[in-house]
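Remarks on the structure that follows.
The values are calculated or read from the model by the stated rules, or taken from the named source; none is laboratory data. Since the model is a prediction, treat every value here as computed from it, not as a measurement. Every residue, glycine among them, receives a Cβ derived from its backbone with ideal geometry; neighbour counts consider all protein chains shown.
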Amino acid sequence: MDVLGIADTLRERFCRIERYVAMRETGQILNNVRVADCADGPHEVRGCVRNDLVRTLSDALPQGTVRLGCSVASADFSPEGCSVTLDSGEVIACKVLVGADGVYSKVKAVIGGPTTEYSGWSTYRGMATFKEGIPNRPQDIPNFAQDFCLMNGGTQAGVAGLYPLDTQRCYYFFGFPVEQNEATKLKKASNAEKKTDLAQRIVAFPKRLQEAVAYTAEDDIFLNHIGDRVMEQGETWGRDLATLVGDAAHPTTPALGQGGCMALEDGPELAAALRDVAQAAAVPWAQVPAADIEKALREFEHQRSTRCAPLVAQARQNGRRLTVKRSWLGVLIRDWFIRMYAMNPATQFKHTIWTPPSLDVPASTPVAAS
Ligand SMILES: Cc1cc2nc3c(=O)[nH]c(=O)nc-3n(C[C@H](O)[C@H](O)[C@H](O)COP(=O)(O)OP(=O)(O)OC[C@H]3O[C@@H](n4cnc5c(N)ncnc54)[C@H](O)[C@@H]3O)c2cc1C
């Protein structure tokens, strides 16, 4: 965000998370770590509402760069050039095609290669709005205005997270193991049914989480099937003049909180790769040889898969650990593990360390992001 010059705009809107707290579903605190005490800092953690993020990113571009409301029906590419056909039938020709269209990417489907696999768990996400301000009840969750609370379920599994976005809104998620056909049925349910289902699944969780669900508009609750794709470090995922970024390229479970961060890292890395190839060719962009661009795209993918593959693998492992059903003994052992080893200031944010390329835009102080 700093490299793109939009960090301060977002800082003004979203509050800073100061502490991570791990607790049982009963509310009993197992461990905690202050962000300021974590190694390799300074770190900065904020929950950011997606629409605000997308608008802030697009507002930073010259007017007309982003065209909204265009649904891509199909994509085509070759060593000579690319095009996309919109649902309206309009064809847009382009020199390079970047599929940033998420887990179910149409561009990825045309390029081919291994697809996303269901991970065995699904997640509800919601955003609660407290018009009078988020109530502070230290007896329930201490320092709620600054804490990221991770609540670990008992024998029935499930994991919930809850943290503030600003003074009025908070975000939460609840992940739970569920068979794929059952998850598909849930996905088809109405928003009101989803809200009721979520409320029933979290009856054993802290009141604060239940209250957040109650304060959420039905339209602000989402259900996602969690999937990922095992990757190899150094692999490439594009073809000819087409590449992928974000979840289209490296779908991951959210259990490391890095899917969006990796997508955001892809942007400046790809921009720098294309800028470098254009500068090296020393000709206007339209005349840069396709073979040079293709080479730069494969190098970009190689570099990004080297960064992302271990994160995808770690997120898969974390997801299994967080959503597996356990006996009471298993729950006690898990809690002991959280007390002893989780939330270690030496390693808490190690995976977020990434050095952004210089993009020659005004920047504020760079920090690692989560
Ligand atoms: C429960 C949950 C919790 C998460 N928590 C975190 C977290 O804490 N931190 C984090 O960094 N990440 C988190 N993530 C991951 C994060 O949401 C994704 O990694 C991120 O949204 C990927 O961004 P993307 O732009 O690649 O894809 P998406 O966000 O899926 O965006 C794709 C875009 O492409 C558009 N699109 C799709 N198809 C077409 C088409 N045919 N034509 C035109 N447009 C199209 C879609 O409308 C959408 O706007 C979480 C995910 C989940 C499910």
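In the range 93-128, what count of residues is obtained for those that are closer than 30 Å to Ala278 by Cβ and under 17 Å from the mean Cα position of the chain (by Cα)?
5
Please work out which residue is surrounded by the fewest Cβ atoms within 10 Å (Cβ to Cβ), limiting yourself to the range 159-197 and to residues that are out of contact with any helix residue (DSSP H, G or I) (no Cβ under 6 Å at 6 or more places or on another chain) and aliphatic (A, V, I, L, M).
Across the range 159-197, the extreme among qualifying residues is Ala189.
Would you tally the residues in the range 158-206 being more than 22 Å from Thr26 (Cβ to Cβ) and among the hydrophobic types (A, V, I, L, M, F, W, C)?
Qualifying residue count for the region: 6.
From the residues in the range 239-286 that are of a type in the set (Val, Ile, Thr) and more than 14 Å from the ligand (Cβ to nearest atom), which one is farthest from Phe174 (Cα to Cα)?
This residue is Val283.
When you look at Ser358, is it assigned to a helix (DSSP H, G or I), among the hydroxyl-bearing types (Ser, Thr, Tyr) and either over 20 Å from the mean Cα position of the chain (by Cα) or crowded, with 16+ Cβ neighbours inside 10 Å (or both), yes or no?
no
Residues in the range 134-142: is at least one surrounded by fewer than 21 Cβ atoms within 10 Å (Cβ to Cβ), within 24 Å of the chain's Cα centre (by Cα) and touching a residue at least 60 places away in the same chain (Cβ under 8 Å)?
Within the range 134-142 (the criterion being surrounded by fewer than 21 Cβ atoms within 10 Å (Cβ to Cβ), within 24 Å of the chain's Cα centre (by Cα) and touching a residue at least 60 places away in the same chain (Cβ under 8 Å)), the answer is no, since none of the residues qualifies.
Taking the range 57-81 on its own, how many of its residues are crowded, with 16+ Cβ neighbours inside 10 Å and either more than 14 Å from the ligand (Cβ to nearest atom) or acidic (Asp, Glu) (or both)?
1
Give me the residue from the range 85-109 that is surrounded by 17 or more Cβ atoms within 10 Å (Cβ to Cβ) and hydrophobic (A, V, I, L, M, F, W, C) and, out of that set, farthest from Ala189 (Cα to Cα).
Val96
Taking the condition of a type in the set (Gly, Ala, Ser), more than 9 Å from the ligand (Cβ to nearest atom) and under 30 Å from Arg13 (Cβ atoms), does Ala93 pass? Walk me through it before giving the result.
On the way: of a type in the set (Gly, Ala, Ser): yes; more than 9 Å from the ligand (Cβ to nearest atom): yes; under 30 Å from Arg13 (Cβ atoms): no.
No, not satisfied.
Filter the range 200-217 for residues that are of a type in the set (A, V, I, L, M, F, W, C) and surrounded by 14 or more Cβ atoms within 10 Å (Cβ to Cβ) and give the result.
Of everything in the range 200-217, those that are of a type in the set (A, V, I, L, M, F, W, C) and surrounded by 14 or more Cβ atoms within 10 Å (Cβ to Cβ) turn out to be Ile202, Ala204, Phe205, Leu209, Ala212, Val213.
From the list Ser83, Ser58, Ser119, which one is touching a Gly at 6+ places or on another chain (Cβ under 8 Å) and small (Gly, Ala, Ser)?
Going through Ser83, Ser58, Ser119 in turn, just one is touching a Gly at 6+ places or on another chain (Cβ under 8 Å) and small (Gly, Ala, Ser): Ser119.
Give me the residue from the range 45-92 that is among the polar types (S, T, N, Q) and within 21 Å of the chain's Cα centre (by Cα) and, out of that set, farthest from Asp292 (Cα to Cα). Steps first, please.
Start the filter on the range 45-92 by keeping residues that are among the polar types (S, T, N, Q), which leaves 51, 56, 58, 63, 65, 71, 74, 78, 83, 85, 88.
After this cut, where a residue has to be within 21 Å of the chain's Cα centre (by Cα) as well, the list is 51, 56, 58.
Working: Asn51: 35, Thr56: 32, Ser58: 28 Å.
Filtering first and then ranking leaves Asn51.
If you take the residues of the range 345-355 that are of a type in the set (S, T, N, Q) and exposed (fewer than 15 other Cβ atoms within 10 Å of the Cβ), which of them is nearest to Asn31 (Cα to Cα)?
It comes out as Thr347.
Among Asp101, Asp87, which is the only one that is among the charged types (D, E, K, R), modelled with pLDDT of 95 or more and under 29 Å from Ala128 (Cα atoms)?
Within the list Asp101, Asp87, the selection yields Asp101.
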